[in-house]
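The values are calculated or read from the model by the stated rules, or taken from the named source; none is laboratory data. Values in this document were obtained by computation on a predicted structure and should not be read as measured data. Positions of Cβ are backbone-derived with ideal geometry, glycine not excepted, and every protein chain shown enters the neighbour counts. Just the protein is used for accessible areas: all its heavy atoms, side chains included, with ligands, DNA and RNA removed. Shrake-Rupley method; radii C 1.70, N 1.55, O 1.52, S 1.80 Å.
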Amino acid sequence: IDCRKFARARGYILEKDSEYSETYTGIGKWEYRPGLAEILQHVDKHPERVFVLIVNDISRIGREYEQYESYKAALASRGVSIESVKASFDDNPEETLKRELRYSMARYEQNMRHNRAVEAIRQKAGK
């Protein structure tokens, strides 16, 4: 299920300009990611509205748990909640553990991709 179907199934109203994409990956702080910053700018322009940020997976916000928590706090201070197609965002101990495990796996996968890329470059340089 994609984010649009997920939103419609919950009865959310989708705006024409409500879809944001991110082309940057591996950037540490969300403040340096244009797509995430644009979302906050859009919310700030419309303080009278209620927003829900829907992501396919929480790792789309950041690969590190601290990045996610920081962005979540920035959204929460504006009254924005987050929902995910693939995961729950409940703030209970079980869901918090699941989120932390997902982030650990995302970080592991990112490190593995990096190691494979470095190894491929080394092999290519050695030929």
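General remarks:
- Per residue, the convex hull spanned by the Cα atoms of the chain measures out at 130 cubic angstrom.
- Over region 49-127, relative contact order from alpha-carbon pairs under 8 Å, at least 6 apart, %: 34 percent
- Between 0 and 90°, nearest 10: helix 65-76 axis offset from the chain longest Cα axis: 20 degrees
- Dividing the summed helix terms, -39500 (n - 2.57) for each DSSP H run of n ≥ 4, by the number of residues in the chain produces a 222 nm estimate of -17000 deg cm²/dmol to the nearest 500.
- In sequence order, region 50-58 has phi-based couplings of 9, 10, 10, 8, 10, 10, 5, 8, 4 Hz under the Karplus curve 6.51 cos²θ - 1.76 cosθ + 1.60, θ = phi - 60°, and Gly or Pro positions carry x.
- For the residue pairs Lys29/Lys98; Lys16/Lys86; Lys5/Lys86, the alpha carbons lie more than 19 Å apart in Lys29/Lys98; Lys16/Lys86.
- Amide H partners (placed H, <5 Å) of Leu53, local residues excluded: Ser81, Ile82, Glu83
- Here each label is just a point 7 Å from Cα along the line to Cβ, and for Gln110 and Arg4 those points are 2.8 nm apart.
- Neighbourhood charge, 13 Å Cβ-Cβ cut-off, centred on Ala9 and excluding it, Lys, Arg +1 and Asp, Glu -1: +2
- Solvent exposure, largest accessible area first (probe 1.4 Å, DNA, RNA and ligands not counted), of Asp91, Asp57: Asp91, Asp57
- Couplings 3J(HN,Hα) for region 5-18, derived from phi with the Karplus relation 6.51 cos²θ - 1.76 cosθ + 1.60 (θ = phi - 60°), are 5, 4, 5, 4, 5, 9, x, 6, 8, 9, 8, 4, 9, 9 Hz, where x marks Gly and Pro.
- Proximal charge balance of Asn115 [Cβ under 14 Å; K/R count +1, D/E count -1]: +2
- Region 51-91 shape via C-alpha gyration tensor axes, a/c threshold 1.5: oblate
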